[in-house]
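Remarks on the structure that follows.
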Amino acid sequence: MNERSDCILTTTPSLSRNDWTLILSLALLTFVLGTSEFVIVGILPDIADGLTISIATAGTLVSAFAISFAIGTPLMMSFTSHLPKRRLMLGLTLGFIVLNFLSSQAPNYGLLLSTRMVTAVVTGVLISLAMLVASESVPPTKRGIAVSFIFGGFTMANVFGVPLGTFIGQRAGWEATFFMTTALGIVALFAVYRVVPNQLSSAKTSISDQLRLLTNPRILIAFFIPAFGFGATYVVYTYLVPILKGVLGVPVAWVSPILLAYGFISIFSNMAAGKIASHNPIGRLRFVFLIQAVVLAALYVTTSNVTLGLINIALMSFMAILLTTSTQIYLIDLAEKFNPDAKGLASSLMPVASNVGIGMGSALGGLVYANAPVMMLALVGGAVALLTAALTSLSHRLDQR
(Lines give C-alpha, C1' and ligand atoms only; values in the text may rest on other atoms or scores of the structure.)
Protein backbone atom coordinates (compact mmCIF):
# COMPACT_ATOMS: atom_id res chain seq x y z
CA MET A 1 0.00 0.00 0.00
CA ASN A 2 2.75 2.46 0.99
CA GLU A 3 4.91 1.53 -2.01
CA ARG A 4 1.98 2.09 -4.37
CA SER A 5 1.18 5.47 -2.78
CA ASP A 6 4.81 6.52 -3.05
CA CYS A 7 4.80 5.55 -6.71
CA ILE A 8 1.68 7.59 -7.41
CA LEU A 9 3.13 10.59 -5.60
CA THR A 10 6.41 10.45 -7.50
CA THR A 11 4.76 10.07 -10.89
CA THR A 12 2.28 12.93 -10.42
CA PRO A 13 4.03 16.11 -11.63
CA SER A 14 3.71 19.27 -9.60
CA LEU A 15 3.90 22.90 -10.61
CA SER A 16 7.44 24.24 -10.72
CA ARG A 17 8.53 27.77 -9.89
CA ASN A 18 8.62 28.53 -13.62
CA ASP A 19 5.08 27.21 -13.98
CA TRP A 20 3.86 29.49 -11.19
CA THR A 21 5.68 32.47 -12.69
CA LEU A 22 3.95 31.82 -16.01
CA ILE A 23 0.52 31.32 -14.38
CA LEU A 24 0.72 34.46 -12.25
CA SER A 25 1.99 36.54 -15.18
CA LEU A 26 -0.91 35.39 -17.34
CA ALA A 27 -3.27 36.11 -14.43
CA LEU A 28 -1.82 39.63 -14.34
CA LEU A 29 -2.58 39.94 -18.06
CA THR A 30 -6.20 38.87 -17.59
CA PHE A 31 -6.48 41.27 -14.64
CA VAL A 32 -5.45 44.11 -16.94
CA LEU A 33 -7.77 42.94 -19.73
CA GLY A 34 -10.68 42.53 -17.31
CA THR A 35 -10.13 45.96 -15.79
CA SER A 36 -10.16 47.57 -19.24
CA GLU A 37 -13.32 45.69 -20.22
CA PHE A 38 -15.41 46.14 -17.07
CA VAL A 39 -14.33 49.59 -15.85
CA ILE A 40 -16.38 51.30 -18.56
CA VAL A 41 -19.53 50.67 -16.52
CA GLY A 42 -18.18 52.73 -13.62
CA ILE A 43 -17.29 55.75 -15.75
CA LEU A 44 -20.28 55.84 -18.12
CA PRO A 45 -21.72 59.05 -16.57
CA ASP A 46 -18.32 60.73 -16.83
CA ILE A 47 -17.99 59.72 -20.49
CA ALA A 48 -21.51 60.96 -21.21
CA ASP A 49 -20.74 64.34 -19.62
CA GLY A 50 -17.32 64.63 -21.21
CA LEU A 51 -18.48 63.84 -24.75
CA THR A 52 -21.89 65.56 -24.32
CA ILE A 53 -23.87 62.42 -25.14
CA SER A 54 -26.70 60.69 -23.29
CA ILE A 55 -26.17 57.90 -20.78
CA ALA A 56 -28.05 55.58 -23.13
CA THR A 57 -25.66 56.40 -25.98
CA ALA A 58 -22.66 55.90 -23.71
CA GLY A 59 -24.14 52.55 -22.71
CA THR A 60 -23.74 51.28 -26.26
CA LEU A 61 -20.00 51.20 -25.56
CA VAL A 62 -20.72 48.21 -23.32
CA SER A 63 -22.97 46.33 -25.75
CA ALA A 64 -20.69 47.09 -28.72
CA PHE A 65 -17.73 45.69 -26.80
CA ALA A 66 -19.61 42.47 -25.99
CA ILE A 67 -20.83 41.99 -29.58
CA SER A 68 -17.37 42.68 -31.05
CA PHE A 69 -15.83 40.28 -28.52
CA ALA A 70 -18.31 37.50 -29.36
CA ILE A 71 -18.05 37.80 -33.14
CA GLY A 72 -14.48 38.94 -33.62
CA THR A 73 -12.63 36.66 -31.20
CA PRO A 74 -13.24 33.26 -32.85
CA LEU A 75 -12.69 34.74 -36.31
CA MET A 76 -9.40 36.36 -35.31
CA MET A 77 -8.28 33.18 -33.56
CA SER A 78 -8.84 31.32 -36.84
CA PHE A 79 -7.00 33.92 -38.91
CA THR A 80 -3.98 33.97 -36.59
CA SER A 81 -3.76 30.28 -35.66
CA HIS A 82 -0.64 29.76 -37.80
CA LEU A 83 1.35 32.51 -36.06
CA PRO A 84 3.79 31.81 -33.20
CA LYS A 85 1.87 32.33 -29.96
CA ARG A 86 4.57 34.31 -28.14
CA ARG A 87 5.00 36.79 -31.00
CA LEU A 88 1.24 37.10 -31.41
CA MET A 89 0.71 37.74 -27.69
CA LEU A 90 3.42 40.41 -27.63
CA GLY A 91 1.99 42.13 -30.72
CA LEU A 92 -1.57 42.08 -29.40
CA THR A 93 -0.53 43.32 -25.95
CA LEU A 94 1.28 46.21 -27.63
CA GLY A 95 -1.86 46.85 -29.67
CA PHE A 96 -3.91 46.82 -26.47
CA ILE A 97 -1.65 49.54 -25.03
CA VAL A 98 -1.99 51.70 -28.14
CA LEU A 99 -5.78 51.27 -28.27
CA ASN A 100 -6.22 52.26 -24.62
CA PHE A 101 -4.06 55.33 -25.17
CA LEU A 102 -6.14 56.26 -28.24
CA SER A 103 -9.29 55.79 -26.14
CA SER A 104 -7.91 58.27 -23.61
CA GLN A 105 -7.46 60.80 -26.43
CA ALA A 106 -10.79 60.22 -28.19
CA PRO A 107 -12.34 63.61 -28.98
CA ASN A 108 -15.79 62.22 -29.81
CA TYR A 109 -18.09 59.25 -29.30
CA GLY A 110 -17.43 57.75 -32.75
CA LEU A 111 -13.70 57.40 -32.26
CA LEU A 112 -14.11 56.05 -28.73
CA LEU A 113 -16.64 53.49 -29.99
CA SER A 114 -14.21 52.39 -32.72
CA THR A 115 -11.26 51.95 -30.38
CA ARG A 116 -13.39 50.02 -27.89
CA MET A 117 -14.67 47.63 -30.55
CA VAL A 118 -11.16 46.84 -31.75
CA THR A 119 -10.00 46.55 -28.13
CA ALA A 120 -12.73 43.95 -27.58
CA VAL A 121 -11.35 41.68 -30.29
CA VAL A 122 -7.77 42.11 -29.07
CA THR A 123 -8.95 41.35 -25.53
CA GLY A 124 -10.78 38.20 -26.60
CA VAL A 125 -7.80 36.82 -28.51
CA LEU A 126 -5.37 37.57 -25.67
CA ILE A 127 -7.65 35.84 -23.16
CA SER A 128 -7.91 32.80 -25.40
CA LEU A 129 -4.15 32.67 -25.94
CA ALA A 130 -3.50 32.97 -22.20
CA MET A 131 -5.74 29.98 -21.55
CA LEU A 132 -4.16 27.96 -24.34
CA VAL A 133 -0.58 28.77 -23.33
CA ALA A 134 -1.32 27.75 -19.74
CA SER A 135 -2.96 24.49 -20.89
CA GLU A 136 0.04 23.60 -23.06
CA SER A 137 2.76 24.68 -20.63
CA VAL A 138 1.83 23.02 -17.33
CA PRO A 139 1.45 19.29 -16.51
CA PRO A 140 -1.94 17.99 -17.71
CA THR A 141 -3.06 17.16 -14.17
CA LYS A 142 -2.48 20.78 -13.13
CA ARG A 143 -4.35 22.48 -15.95
CA GLY A 144 -7.39 23.08 -13.75
CA ILE A 145 -5.34 25.02 -11.21
CA ALA A 146 -3.56 27.01 -13.93
CA VAL A 147 -6.72 27.98 -15.79
CA SER A 148 -8.58 28.84 -12.58
CA PHE A 149 -5.80 31.24 -11.57
CA ILE A 150 -5.93 32.90 -14.98
CA PHE A 151 -9.70 33.28 -14.72
CA GLY A 152 -8.98 34.67 -11.26
CA GLY A 153 -7.50 37.71 -12.98
CA PHE A 154 -11.01 38.70 -14.05
CA THR A 155 -12.31 38.24 -10.54
CA MET A 156 -9.58 40.48 -9.17
CA ALA A 157 -10.35 43.01 -11.89
CA ASN A 158 -13.94 43.26 -10.67
CA VAL A 159 -12.93 43.43 -7.02
CA PHE A 160 -9.98 45.83 -7.28
CA GLY A 161 -9.37 47.10 -10.82
CA VAL A 162 -12.85 48.40 -11.56
CA PRO A 163 -13.29 50.30 -8.25
CA LEU A 164 -9.83 51.86 -8.69
CA GLY A 165 -10.52 52.85 -12.29
CA THR A 166 -13.90 54.26 -11.32
CA PHE A 167 -12.34 56.27 -8.49
CA ILE A 168 -9.70 57.70 -10.82
CA GLY A 169 -12.29 58.51 -13.48
CA GLN A 170 -14.55 60.31 -11.04
CA ARG A 171 -11.68 62.37 -9.61
CA ALA A 172 -9.54 63.08 -12.68
CA GLY A 173 -11.87 62.47 -15.65
CA TRP A 174 -12.65 59.38 -17.68
CA GLU A 175 -9.55 59.95 -19.82
CA ALA A 176 -7.40 59.28 -16.74
CA THR A 177 -8.99 55.83 -16.38
CA PHE A 178 -7.75 54.88 -19.83
CA PHE A 179 -4.32 56.27 -18.93
CA MET A 180 -4.41 53.83 -16.03
CA THR A 181 -5.29 50.84 -18.26
CA THR A 182 -2.56 51.96 -20.69
CA ALA A 183 -0.01 51.90 -17.87
CA LEU A 184 -1.27 48.50 -16.69
CA GLY A 185 -0.93 47.24 -20.26
CA ILE A 186 2.76 48.21 -20.27
CA VAL A 187 3.27 46.16 -17.10
CA ALA A 188 1.47 43.20 -18.72
CA LEU A 189 3.62 43.53 -21.87
CA PHE A 190 6.76 43.25 -19.76
CA ALA A 191 5.36 40.19 -17.99
CA VAL A 192 4.42 38.45 -21.26
CA TYR A 193 7.86 39.22 -22.71
CA ARG A 194 9.60 37.72 -19.70
CA VAL A 195 7.66 34.50 -19.18
CA VAL A 196 5.81 33.23 -22.29
CA PRO A 197 7.95 30.49 -23.88
CA ASN A 198 8.89 30.26 -27.54
CA GLN A 199 8.27 26.53 -27.90
CA LEU A 200 4.50 26.54 -28.36
CA SER A 201 2.41 24.77 -30.99
CA SER A 202 0.80 26.52 -33.95
CA ALA A 203 -1.84 25.28 -36.40
CA LYS A 204 -1.02 24.74 -40.08
CA THR A 205 -4.55 24.26 -41.39
CA SER A 206 -6.72 26.63 -43.41
CA ILE A 207 -9.24 29.02 -41.94
CA SER A 208 -12.09 26.90 -43.29
CA ASP A 209 -10.67 23.83 -41.51
CA GLN A 210 -10.49 25.85 -38.30
CA LEU A 211 -14.05 27.13 -38.58
CA ARG A 212 -15.33 23.62 -39.31
CA LEU A 213 -14.96 23.03 -35.60
CA LEU A 214 -18.00 25.25 -35.06
CA THR A 215 -20.20 22.82 -37.00
CA ASN A 216 -19.39 19.90 -34.71
CA PRO A 217 -22.50 19.06 -32.61
CA ARG A 218 -20.38 18.12 -29.58
CA ILE A 219 -18.64 21.50 -29.65
CA LEU A 220 -21.97 23.31 -29.98
CA ILE A 221 -23.40 21.45 -26.98
CA ALA A 222 -20.28 22.25 -24.95
CA PHE A 223 -20.48 25.91 -26.03
CA PHE A 224 -24.00 26.35 -24.72
CA ILE A 225 -23.17 24.86 -21.32
CA PRO A 226 -21.28 27.99 -20.14
CA ALA A 227 -23.61 30.24 -22.16
CA PHE A 228 -26.69 28.98 -20.29
CA GLY A 229 -24.73 28.70 -17.05
CA PHE A 230 -23.80 32.38 -17.10
CA GLY A 231 -27.25 33.24 -18.43
CA ALA A 232 -28.89 31.65 -15.38
CA THR A 233 -26.95 33.91 -13.02
CA TYR A 234 -27.40 37.08 -15.06
CA VAL A 235 -31.18 36.71 -15.22
CA VAL A 236 -31.02 37.65 -11.52
CA TYR A 237 -27.70 39.52 -11.18
CA THR A 238 -28.63 42.15 -13.78
CA TYR A 239 -31.44 43.28 -11.47
CA LEU A 240 -29.67 42.66 -8.17
CA VAL A 241 -29.70 46.33 -7.16
CA PRO A 242 -33.50 46.67 -7.60
CA ILE A 243 -33.88 43.44 -5.59
CA LEU A 244 -31.66 44.78 -2.82
CA LYS A 245 -33.49 48.11 -2.65
CA GLY A 246 -37.07 47.19 -3.49
CA VAL A 247 -37.45 43.66 -2.15
CA LEU A 248 -34.94 43.32 0.68
CA GLY A 249 -35.28 46.98 1.54
CA VAL A 250 -31.59 47.49 2.36
CA PRO A 251 -30.41 51.10 2.80
CA VAL A 252 -28.79 52.71 -0.24
CA ALA A 253 -25.51 53.01 1.67
CA TRP A 254 -25.37 49.20 1.91
CA VAL A 255 -25.58 48.55 -1.82
CA SER A 256 -21.93 49.23 -2.74
CA PRO A 257 -20.49 47.19 0.15
CA ILE A 258 -22.82 44.30 -0.74
CA LEU A 259 -21.69 44.39 -4.37
CA LEU A 260 -18.06 44.50 -3.22
CA ALA A 261 -18.69 41.47 -1.00
CA TYR A 262 -20.38 39.71 -3.94
CA GLY A 263 -17.22 40.18 -5.99
CA PHE A 264 -14.98 39.11 -3.11
CA ILE A 265 -16.89 35.84 -2.64
CA SER A 266 -16.31 35.02 -6.31
CA ILE A 267 -12.59 34.74 -5.51
CA PHE A 268 -13.36 31.61 -3.50
CA SER A 269 -15.69 30.41 -6.25
CA ASN A 270 -12.81 30.66 -8.70
CA MET A 271 -10.57 28.61 -6.40
CA ALA A 272 -13.24 25.93 -6.12
CA ALA A 273 -13.61 25.91 -9.91
CA GLY A 274 -10.04 24.68 -10.21
CA LYS A 275 -10.76 21.82 -7.81
CA ILE A 276 -13.87 20.79 -9.75
CA ALA A 277 -11.86 20.73 -12.99
CA SER A 278 -9.20 18.42 -11.52
CA HIS A 279 -11.21 15.22 -12.08
CA ASN A 280 -14.30 14.33 -14.14
CA PRO A 281 -15.26 18.02 -14.52
CA ILE A 282 -18.33 17.59 -16.73
CA GLY A 283 -19.64 14.82 -14.51
CA ARG A 284 -19.29 17.10 -11.50
CA LEU A 285 -20.81 20.09 -13.26
CA ARG A 286 -24.11 18.23 -13.64
CA PHE A 287 -24.55 18.51 -9.88
CA VAL A 288 -23.11 22.03 -9.71
CA PHE A 289 -25.87 23.29 -12.00
CA LEU A 290 -28.53 21.44 -10.03
CA ILE A 291 -27.33 23.16 -6.87
CA GLN A 292 -27.21 26.48 -8.72
CA ALA A 293 -30.83 25.98 -9.77
CA VAL A 294 -31.86 25.46 -6.14
CA VAL A 295 -29.86 28.49 -4.96
CA LEU A 296 -31.37 30.80 -7.59
CA ALA A 297 -34.93 29.56 -7.14
CA ALA A 298 -34.62 29.83 -3.35
CA LEU A 299 -34.33 33.60 -3.68
CA TYR A 300 -38.05 33.61 -4.40
CA VAL A 301 -38.58 32.66 -0.74
CA THR A 302 -35.51 33.88 1.15
CA THR A 303 -35.82 37.51 0.06
CA SER A 304 -38.71 37.85 2.49
CA ASN A 305 -36.01 38.12 5.18
CA VAL A 306 -32.96 40.40 4.93
CA THR A 307 -30.51 38.01 6.57
CA LEU A 308 -31.63 34.93 4.64
CA GLY A 309 -31.76 36.93 1.42
CA LEU A 310 -28.18 38.20 1.78
CA ILE A 311 -26.93 34.70 2.63
CA ASN A 312 -28.70 33.38 -0.46
CA ILE A 313 -27.16 36.12 -2.62
CA ALA A 314 -23.72 35.18 -1.24
CA LEU A 315 -24.38 31.57 -2.30
CA MET A 316 -25.45 32.81 -5.73
CA SER A 317 -22.08 34.56 -6.05
CA PHE A 318 -20.23 31.41 -5.02
CA MET A 319 -22.08 29.28 -7.59
CA ALA A 320 -21.77 31.83 -10.41
CA ILE A 321 -18.35 30.96 -11.83
CA LEU A 322 -17.77 27.36 -10.72
CA LEU A 323 -18.26 26.38 -14.36
CA THR A 324 -15.45 28.45 -15.88
CA THR A 325 -12.35 26.28 -15.57
CA SER A 326 -14.09 23.00 -16.36
CA THR A 327 -15.83 24.23 -19.50
CA GLN A 328 -12.65 25.96 -20.74
CA ILE A 329 -10.62 22.77 -20.47
CA TYR A 330 -13.49 20.65 -21.83
CA LEU A 331 -13.75 22.68 -25.02
CA ILE A 332 -10.00 22.40 -25.62
CA ASP A 333 -10.12 18.65 -24.98
CA LEU A 334 -13.01 18.18 -27.41
CA ALA A 335 -11.10 20.09 -30.06
CA GLU A 336 -8.08 17.87 -29.41
CA LYS A 337 -10.31 14.89 -30.15
CA PHE A 338 -12.28 16.15 -33.16
CA ASN A 339 -10.06 18.83 -34.74
CA PRO A 340 -6.64 19.12 -33.05
CA ASP A 341 -5.48 22.01 -35.24
CA ALA A 342 -8.40 24.15 -34.00
CA LYS A 343 -7.44 24.16 -30.31
CA GLY A 344 -6.76 27.88 -30.52
CA LEU A 345 -10.26 28.52 -31.78
CA ALA A 346 -11.68 26.20 -29.12
CA SER A 347 -9.88 28.14 -26.40
CA SER A 348 -11.78 31.27 -27.43
CA LEU A 349 -15.23 29.69 -27.16
CA MET A 350 -15.66 29.80 -23.36
CA PRO A 351 -15.02 33.57 -23.12
CA VAL A 352 -17.33 34.07 -26.10
CA ALA A 353 -19.98 31.85 -24.51
CA SER A 354 -19.79 33.86 -21.29
CA ASN A 355 -20.50 37.07 -23.21
CA VAL A 356 -23.36 35.39 -25.07
CA GLY A 357 -24.76 34.11 -21.77
CA ILE A 358 -24.49 37.50 -20.09
CA GLY A 359 -26.35 39.14 -22.95
CA MET A 360 -28.97 36.39 -23.13
CA GLY A 361 -29.53 36.31 -19.37
CA SER A 362 -29.80 40.09 -19.12
CA ALA A 363 -32.31 40.20 -21.98
CA LEU A 364 -34.41 37.38 -20.51
CA GLY A 365 -34.28 39.07 -17.11
CA GLY A 366 -35.44 42.32 -18.70
CA LEU A 367 -38.51 40.61 -20.15
CA VAL A 368 -39.38 39.08 -16.78
CA TYR A 369 -38.72 42.31 -14.89
CA ALA A 370 -40.99 44.27 -17.22
CA ASN A 371 -43.89 41.80 -17.26
CA ALA A 372 -43.96 39.90 -13.96
CA PRO A 373 -43.35 40.30 -10.23
CA VAL A 374 -39.68 41.03 -9.68
CA MET A 375 -38.89 37.81 -7.81
CA MET A 376 -40.04 35.72 -10.77
CA LEU A 377 -36.47 36.43 -11.86
CA ALA A 378 -35.34 33.85 -9.28
CA LEU A 379 -37.57 31.10 -10.68
CA VAL A 380 -36.62 31.85 -14.28
CA GLY A 381 -32.92 31.87 -13.39
CA GLY A 382 -33.37 28.53 -11.64
CA ALA A 383 -35.12 27.11 -14.70
CA VAL A 384 -32.22 28.15 -16.95
CA ALA A 385 -29.80 26.47 -14.53
CA LEU A 386 -31.88 23.27 -14.75
CA LEU A 387 -31.67 23.45 -18.54
CA THR A 388 -27.89 23.79 -18.21
CA ALA A 389 -27.76 20.73 -15.95
CA ALA A 390 -29.70 18.73 -18.57
CA LEU A 391 -27.35 19.88 -21.33
CA THR A 392 -24.33 18.95 -19.22
CA SER A 393 -25.80 15.51 -18.51
CA LEU A 394 -26.30 14.96 -22.24
CA SER A 395 -22.69 15.88 -22.97
CA HIS A 396 -21.51 13.62 -20.16
CA ARG A 397 -23.50 10.67 -21.52
CA LEU A 398 -22.00 11.22 -24.96
CA ASP A 399 -18.55 11.19 -23.37
CA GLN A 400 -19.29 7.88 -21.68
CA ARG A 401 -20.24 6.33 -25.01
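The values are calculated or read from the model by the stated rules, or taken from the named source; none is laboratory data. Please read all numbers here as calculations on a predicted model, not as lab measurements. Backbone-built Cβ (ideal geometry, glycine too); neighbour counts: all protein chains shown.
With the checklist (1) crowded, with 22+ Cβ neighbours inside 10 Å; (2) part of a helix (DSSP H, G or I) in hand, flag the one item residue 298 doesn't pass.
Residue 298 satisfies every listed condition except (1).
Conditions first: (1) at pLDDT below 90; (2) out of contact with any Phe, Trp or Tyr (no Cβ under 8 Å at 6 or more places or on another chain); (3) in a loop (DSSP other than H, G, I, E, B). Residue 53 passes all but one, so which condition is the exception?
Exception for residue 53: condition (2).
For the range 236-243, state whether one or more residues are within 18 Å of residue 324 (Cα to Cα) and either in a helix (DSSP H, G or I) or outside the structural domain of residue 335 (by TED's automatic domain parsing) (or both). Spell out the reasoning first.
Taking the range 236-243 as the starting set, the residues that turn out to be within 18 Å of residue 324 (Cα to Cα) are 237.
The next check asks that each one be either in a helix (DSSP H, G or I) or outside the structural domain of residue 335 (by TED's automatic domain parsing) (or both); those that pass are 237.
Within the range 236-243 (the criterion being within 18 Å of residue 324 (Cα to Cα) and either in a helix (DSSP H, G or I) or outside the structural domain of residue 335 (by TED's automatic domain parsing) (or both)), the answer is yes, since at least one residue qualifies.
Looking only at the range 309-331, decide whether some residue is outside any helix (DSSP H, G or I), surrounded by 16 or more Cβ atoms within 10 Å (Cβ to Cβ) and at pLDDT below 85. Walk me through how you get there before you give the answer.
If we filter the range 309-331 for residues that are outside any helix (DSSP H, G or I), which is where we start, we get 321-323.
Remaining after also requiring surrounded by 16 or more Cβ atoms within 10 Å (Cβ to Cβ): 321-323.
Okay, now just the ones that are also at pLDDT below 85, so none.
No, because not a single residue in the range 309-331 is outside any helix (DSSP H, G or I), surrounded by 16 or more Cβ atoms within 10 Å (Cβ to Cβ) and at pLDDT below 85.
Among the candidates 145, 150, 127, 186, single out the residue that is assigned to a helix (DSSP H, G or I) and surrounded by fewer than 20 Cβ atoms within 10 Å (Cβ to Cβ). Give the steps one after another, and end with the answer.
Values: 145 fails: surrounded by fewer than 20 Cβ atoms within 10 Å (Cβ to Cβ); 150 fails: surrounded by fewer than 20 Cβ atoms within 10 Å (Cβ to Cβ); 127 fails: surrounded by fewer than 20 Cβ atoms within 10 Å (Cβ to Cβ).
It is 186.
In this structure, does residue 63 turn out to be within 30 Å of residue 136 (Cβ to Cβ) and more than 15 Å from the chain's Cα centre (by Cα)?
Values: within 30 Å of residue 136 (Cβ to Cβ): no; more than 15 Å from the chain's Cα centre (by Cα): yes.
Answer is no for this residue.
For residue 56, are the conditions met, namely being assigned by TED's automatic domain parsing to the domain that holds residue 149, under 18 Å from the mean Cα position of the chain (by Cα) and of a type in the set (A, V, I, L, M, F, W, C)? Show your work before the answer.
Working: assigned by TED's automatic domain parsing to the domain that holds residue 149: yes; under 18 Å from the mean Cα position of the chain (by Cα): no; of a type in the set (A, V, I, L, M, F, W, C): yes.
Spelling it out, it is not the case that residue 56 is assigned by TED's automatic domain parsing to the domain that holds residue 149, under 18 Å from the mean Cα position of the chain (by Cα) and of a type in the set (A, V, I, L, M, F, W, C).
Is there any pair linking a residue in the range 151-163 that is in the same structural domain as residue 188 (by TED's automatic domain parsing) to one that is not in a helix (DSSP H, G or I), with Cβ under 9 Å and at least six apart or on different chains, and which?
From the range 151-163, the pairs are 151/321; 154/321; 155/321; 162/42; 163/42.
Quick one: residue 370 ticks every box in (1) surrounded by fewer than 18 Cβ atoms within 10 Å (Cβ to Cβ); (2) within 21 Å of residue 75 (Cβ to Cβ) bar one, so which box is it?
Going through the list (1) surrounded by fewer than 18 Cβ atoms within 10 Å (Cβ to Cβ); (2) within 21 Å of residue 75 (Cβ to Cβ), residue 370 breaks only (2).
Residues that are small (Gly, Ala, Ser) and under 28 Å from residue 76 (Cα atoms): does the range 377-396 have at least one?
From the range 377-396, those small (Gly, Ala, Ser) are 378, 381-383, 385, 389-390, 393, 395; that's our starting set.
Checking which are under 28 Å from residue 76 (Cα atoms) leaves us with 395.
Yes, the range 377-396 contains at least one residue that is small (Gly, Ala, Ser) and under 28 Å from residue 76 (Cα atoms).
Determine the pairs where a residue that is within 28 Å of residue 337 (Cα to Cα), located within the range 378-401, has a partner that is surrounded by fewer than 16 Cβ atoms within 10 Å (Cβ to Cβ) and among the β-branched types (Val, Ile, Thr) with Cβ atoms under 6 Å apart, the partner being 6 or more residues away or on another chain.
Qualifying pairs under 6 Å: 395/221.
Applying the selection to the range 249-284, what residues are of a type outside the set (A, V, I, L, M, F, W, C) and touching a residue at least 12 places away in the same chain (Cβ under 8 Å)?
Going through the range 249-284, the residues of a type outside the set (A, V, I, L, M, F, W, C) turn out to be 249, 251, 256-257, 262-263, 266, 269-270, 274-275, 278-281, 283-284.
Residues satisfying the conditions are 249, 262, 263, 266, 269, 270, 274, 275, 278, 281, 283, 284.
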